[in-house]
Amino acid sequence: LAKVEVYESKNLKKLFNKSKNTSYFGSLFHDIMSKIESKNQIEIVVDEFFNRGLISDSNKNKIEKMVKLIFDNKELSQFFESKQNVFNEREIYLSNNKVIKPDKIIFHSKEEVSILDYKTGKPKKSDDIQVVNYVSDLEKNSYQVREAKLIYVGEKLEIKEIIKGDKT
């Protein structure tokens, strides 16, 4: 009986560590993206995380490729080339003491915004719900949301439009 318990405990530990590593990688990716404002900062920021021992050499290369996929995508260029007020991981205080923190938000004006949210895992319904809730919360607070996108980053880039921006 004791061997079975140890075996089960080891399996649970392995599963926990895999989940922990996956979420750690996602957190690191978000931290790195929050520090990068322009394409010329990609290698500098990723090197900083590597030099501090926060990412391995293989993850360094993987993250650089993932970040470049985002920055090189024409559909996302406004989030990285905009001269407007663009904020990474910024808390936005709304009415009813509600605070939201999209991965990236552009304030086109005092009333109009666009939001971008990154995910490093497999698509889940809760991801859509999170972005839809950001949009809803912003609209309840008199913001017009021009565009809302959900980005899945991995070997390739998948862009999901929650609210499609004007092409005019």
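Points worth noting:
- Residue in the stretch 104-113 that is more than 19 Å from Phe80 (Cβ to Cβ) and within 19 Å of the chain's Cα centre (by Cα) present: no
- Checking the stated criteria, Leu150 turns out to be crowded, with 18+ Cβ neighbours inside 10 Å and assigned to a strand (DSSP E or B).
- In the set Val135, Val145, only one residue is outside any strand (DSSP E or B) and either open to solvent by 50 Å² or more (accessible area, probe 1.4 Å) or without any contact (Cβ under 8 Å) to a residue 60 or more places away in the chain (or both); that residue is Val135.
- From the list Ile129, Ile115, Ile163, Ile159, the lone residue that is over 28 Å from Asn96 (Cβ atoms) and hydrophobic (A, V, I, L, M, F, W, C) is Ile159.
- Within the stretch 154-165, residues that are within 17 Å of Ile115 (Cβ to Cβ) have Cβ atoms under 8 Å from residues that are of a type in the set (Gly, Ala, Ser) in these pairs: Glu161/Ala148; Ile162/Ala148; Ile163/Ala148; Gly165/Ser114, counting only partners at least 6 apart in sequence or on another chain.
- Scanning the stretch 30-56 for residues that are open to solvent by 60 Å² or more (accessible area, probe 1.4 Å), in a helix (DSSP H, G or I) and in contact with a Phe, Trp or Tyr (Cβ under 8 Å, 6 or more places away or on another chain) yields Asp31, Lys39.
- Evaluating Arg90 against the criteria (1) under 25 Å from Asn141 (Cβ atoms); (2) of a type outside the set (Asp, Glu); (3) in a helix (DSSP H, G or I) leaves one unmet condition, (3).
- Pairs are defined by a Cβ separation below 7 Å, a sequence spacing of at least 6 or placement on different chains, a first member in the stretch 67-95 that is without any contact (Cβ under 8 Å) to a residue 60 or more places away in the chain, and a second member that is part of a loop (DSSP other than H, G, I, E, B) and of a type in the set (S, T, N, Q); the pairs so defined are Phe80/Ser38; Leu94/Asn141; Ser95/Asn141.
- Of the set (1) modelled with pLDDT under 90; (2) touching a helix residue (DSSP H, G or I) at 6+ places or on another chain (Cβ under 6 Å); (3) not acidic (Asp, Glu), all apply to Ser58 but (2).
- Residue among Lys110, Lys164, Lys160 that alone is surrounded by 14 or more Cβ atoms within 10 Å (Cβ to Cβ) and of a type in the set (Lys, Arg): Lys160
The values are calculated or read from the model by the stated rules, or taken from the named source; none is laboratory data. Predicted, not measured: the structure shown is a model, and the values here were computed from it. Methodologically, a virtual Cβ is constructed for each residue, glycine included, from the backbone with ideal geometry; neighbour enumeration extends over all protein chains shown. Just the protein is used for accessible areas: all its heavy atoms, side chains included, with ligands, DNA and RNA removed. Shrake-Rupley method; radii C 1.70, N 1.55, O 1.52, S 1.80 Å.
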